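Asks: Handing you a structure now.
The values are calculated or read from the model by the stated rules, or taken from the named source; none is laboratory data. What you see is a predicted model, and the numbers here were worked out from it, not measured in a lab. Note that each Cβ is placed from the backbone with ideal geometry, even for glycine, and that neighbours are counted across all protein chains shown.
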């Protein structure tokens, strides 16, 4: 989910950046029970957006959604 959205993004991310975003995405989906494709896509887009705007710490990113 994350890689596909990153490829469509105008601001490129490195593999390490994508891995951070993917881990946060996976953790939030599990903890909140998110399985719906639309909600997953919205979550992934939000994580990438926050990351690209400077929230680079995994714990900080995760806290934004709880």
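Asks: Could you check how many residues of region 23-38 are without any contact (Cβ under 8 Å) to a residue 24 or more places away in the chain and either closer than 21 Å to residue 12 by Cα or within 12 Å of the chain's Cα centre (by Cα) (or both)?
Replies: Selection size over region 23-38: 2.
Asks: Say whether the condition of being assigned to a helix (DSSP H, G or I), at pLDDT below 95 and surrounded by 15 or more Cβ atoms within 10 Å (Cβ to Cβ) is met by at least one residue in region 24-36.
Replies: Looking through region 24-36, none of the residues is assigned to a helix (DSSP H, G or I), at pLDDT below 95 and surrounded by 15 or more Cβ atoms within 10 Å (Cβ to Cβ).
Asks: Within region 5-23, how many residues are modelled with pLDDT of 70 or more and part of a helix (DSSP H, G or I)?
Replies: 9
Asks: Confirm whether residue 46 is within 11 Å of the chain's Cα centre (by Cα), free of Cβ contacts under 8 Å to residues at least 24 places away in the same chain and either closer than 18 Å to residue 3 by Cα or part of a helix (DSSP H, G or I) (or both).
Replies: So residue 46 passes the test.
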